[in-house]
Structure formats: C-alpha cells, structure tokens
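Working notes for the structure below.
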Amino acid sequence: MSSPPERPTSKPVILFSSGATSYELVRYLGSSSTGEVLLARRRYAEVLGAPVIIKRLQEPADAVARARLLEEFKLIIQLNHPCIAQVFLVRMHEGSPYVVMEHVDGISLESLLNFSAMRRVPLSEEFAAYVVAEVADALFHAHTLCDSQGRPLGIIHRDVSPRNIHIGTRGHVKLTDFSVAYSTMEGRLSTVGPLLKGDIAYSSPEYLMLQPLDARSDLFSLGVVLLELVTGRHLLDLPEVEEAMLLAGPPSTVQAALESEEQSWVPAPQMAMRMERFRSEHVERATQTLSAPMRAIVTRALQREPPERFQSGKELRDELWSFLGGQGRCFGHREAEREISRVRGEAVRRGSGAEIPEEESSSNTPDGGSRKPRP
C-alpha cells in the first residue's frame, strides 16, 4: 500500500473521478488489514457535496482474488436499509479498488463502551435493547436479500462488533463495513479457511471451528455485543472461560492452524480455545444482575449451538422490541442521544484529567486492531 497522503494543500487532491463527479481528499483517517481509509467530499463541477468515506483497498494479488472482491461488492452495493451505512460506488483506479461509502457523523459503540468503562457503569438495558434491535433488523435485511431472480444472496456480515456499529449525532443506529461479508449463494467463490477475517473476539463458535456459516453466526456476534453493553464484560474474557482454557492443554491441530487478518488481544488459536470452552452457565453468572427478561435474551443469543439461538434477526428484534414495551418503542433515537451525552459527561467527570477516548466522526475509522476487553 502507498504511504499516507500528505496534508492537503491549497490545491485540492482528487483521488479519482467517476463521470462528472470527482472525489476530493479531506484527510487520511488510518489503515487496517484491508487497506487505507480516507475522508473525502464529492465535487460536481465547482460544487462540493457531503462527506463520504473512501476505502482504498489492497490491489488484488491475482485474477481469483479480483473476482472474489468484485463478487463481494456486487452483493453489498445492493443493501438498502436505514440502519446500514450505504455503499455508493465501487471503482477500480490505477489497479486498486476504491469503495465509496456513507459517512456517519457520530460515535461508535467501541468509543461508547470505553466511556462506559471509564465511569464504571454499563449502558442501560433499554439503550442496549434499542441499539441491538436496530442492528438485528439491519442484519435481517442483509440475511434475506435476494437477487433480481429471487434467489437468496445469503449475505453474512462476519464482522459484527462494536467498532462497526455507530450511533449518529441524532441517535440513529448504523451498521457499517460489509467489506469482509460472506455469501452462501450457490456458485460463489468460497473464502472460508484458516485465515479468519474481521474482529475474531466477536466471532461465532462455528466460525472459529471452520464450520459452515449461516445468518445465526452474525446473531451470535451481536449477542456478544449485547452482553458487553449490559454488563461491561466480554464473553471470552470471563474468568471462568479463561480458567477453562488454561486447564485444557495445547490447542488442537485445527486451532493451531488458525490465523487472523487483524490483530486481536490474544492470538487466533487461543481465541478459538476460549470459545470452545465457554458454557451457558458462564453467561448466566455474568448476567445475574440483569432483569429477568434481558437475562433470558442474552442467554439465548449466546447459545453454542445455532438451533438453540434466535433463528433470525427478525426474531431477535421482536424480542427486544417486546422488552422495550412492544412496537410502540418507549426508547428511541432521542433517548439514545441523551444517554450517550450522559455517559460521555460522567466519563469525563470521573476521568479527572485522564486521557479521554477520542470520539470518532467517521463510520469506518480504523482502530488499529481489536483491544483487550475493558476491565
């Protein structure tokens, strides 16, 4: 990959053009395992448009990799849901793929969980139910999307994690970054193998064991997010899970072969060992302080076996809506906006001069890899 672009001078830096529209660099946001992330603005003639996020991906190594990449983005560009950050354009330029995506001005759950840890109080059950229900609805759209001939596309996000869930400045939820999405559509190039994609700290048991995936894999990942929101604790960092892993001995042959595209807080083989040894009773202990309805939702979402979990995003969404008092939704974007403001304020007060996590203003700002779960 090229080095980070220099800070723009008085002359605009045009990344590329598509028809009469040019994409002008605003600033370099960072890099991830898949490429660089840039903040840009669309320019039509002399008129500047709204900001967008541009991912400049690594040049495909060969024709097969190029075909797979084009397949992936032909799928995700069809997504159209109010809780999914839209992909506007995919363009090859000078050998590198550029993906133009919706910019979400707000905060990621990653940053919000950091604020929550600073104040030493989890997010409210109502806030967690609202956010996770919105994401579940977005996933249901992706999971059930069909092509023009009515054939299911079988899209699986594979990277449902706090960094890819954003809340806009008005409290609206957006699921971002389908760049490592997988499809079960017949005839599609398979990408399942020992090189794992996305943030493996939120991966499902079946993904870490290289087993076939379906939509319920994403719902397990969303369950890990829900547990962290309402307890402040990460599933694979529970003391009982770590103890069970340490008593288990060396990793299996399959586990030892695992690698991750992105750095996590423990290596992929150890993450798989932790996942193999977590049990429902560990979740039950971690959720003892929750209300009975929320505890039941979290426990079901984190069942090891897919048939025992929620079977669709719609089913999980409806259960969370019921928790919130039915489809009248007594907690919505305005209440979410107020809770975010309160959590941030309390974190700043408790920080007493300590370094405050930087609030993200883009929908896909890299965070340098998965962090160790919060205390």
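The values are calculated or read from the model by the stated rules, or taken from the named source; none is laboratory data. Quantities reported herein were computed from a predicted structural model and do not represent experimental measurements. Every residue, glycine as well, gets a Cβ built from its backbone with ideal geometry; the counts of neighbours run over all protein chains shown.
Search segment 45-94 for residues being over 17 Å from the mean Cα position of the chain (by Cα) and among the small types (Gly, Ala, Ser), and hand back the single one that is nearest to Asn164 (Cα to Cα).
Among those that are over 17 Å from the mean Cα position of the chain (by Cα) and among the small types (Gly, Ala, Ser), it is Ala50.
Assuming Ser179 fulfils every condition listed in (1) surrounded by fewer than 23 Cβ atoms within 10 Å (Cβ to Cβ); (2) within 16 Å of Glu72 (Cα to Cα); (3) touching a strand residue (DSSP E or B) at 6+ places or on another chain (Cβ under 8 Å) apart from one, which condition is it?
That leaves (1) as the condition not met.
Anything in segment 256-276 that is small (Gly, Ala, Ser), closer than 15 Å to Pro194 by Cα and in contact (Cβ under 8 Å) with a residue 40 or more places away in the chain? List them, or say none.
Ala257, Ser260, Ala268, Ala272, listed by residue number.
So is Arg344 at pLDDT below 95 and assigned to a helix (DSSP H, G or I) or not?
On the way: at pLDDT below 95: yes; assigned to a helix (DSSP H, G or I): yes.
In short, yes.
Does segment 324-341 include one or more residues that are modelled with pLDDT of 55 or more, in the same structural domain as Lys174 (by TED's automatic domain parsing) and more than 17 Å from Val173 (Cβ to Cβ)?
Looking for residues that are modelled with pLDDT of 55 or more, in the same structural domain as Lys174 (by TED's automatic domain parsing) and more than 17 Å from Val173 (Cβ to Cβ), one finds at least one in segment 324-341, hence yes.
Please determine whether any residue of segment 236-255 is within 29 Å of Phe115 (Cα to Cα) and touching a residue at least 60 places away in the same chain (Cβ under 8 Å).
Yes, there is a match, as at least one residue in segment 236-255 is within 29 Å of Phe115 (Cα to Cα) and touching a residue at least 60 places away in the same chain (Cβ under 8 Å).
Give me the residue from segment 183-230 that is among the basic types (Lys, Arg) and part of a loop (DSSP other than H, G, I, E, B) and, out of that set, modelled with the lowest pLDDT.
Arg188
Enumerate the helices (runs of 4 or more DSSP H) found wholly within segment 231-333, keeping only those where 1 or more residues are within 26 Å of Ile167 (Cα to Cα) and among the basic types (Lys, Arg). Spell out the reasoning first.
Working: elements: 239-246, 253-256, 268-277, 280-286, 292-301, 313-323.
Those helices (runs of 4 or more DSSP H) span 292-301, 313-323.
Is there a residue in segment 91-109 that is closer than 18 Å to Phe220 by Cα and touching a residue at least 60 places away in the same chain (Cβ under 8 Å)?
Scanning segment 91-109 turns up at least one residue that is closer than 18 Å to Phe220 by Cα and touching a residue at least 60 places away in the same chain (Cβ under 8 Å).
Quick one: Ser264 ticks every box in (1) closer than 30 Å to Glu242 by Cβ; (2) of a type in the set (Gly, Ala, Ser); (3) more than 23 Å from the chain's Cα centre (by Cα) bar one, so which box is it?
Among (1) closer than 30 Å to Glu242 by Cβ; (2) of a type in the set (Gly, Ala, Ser); (3) more than 23 Å from the chain's Cα centre (by Cα), the lone unmet condition for Ser264 is (3).
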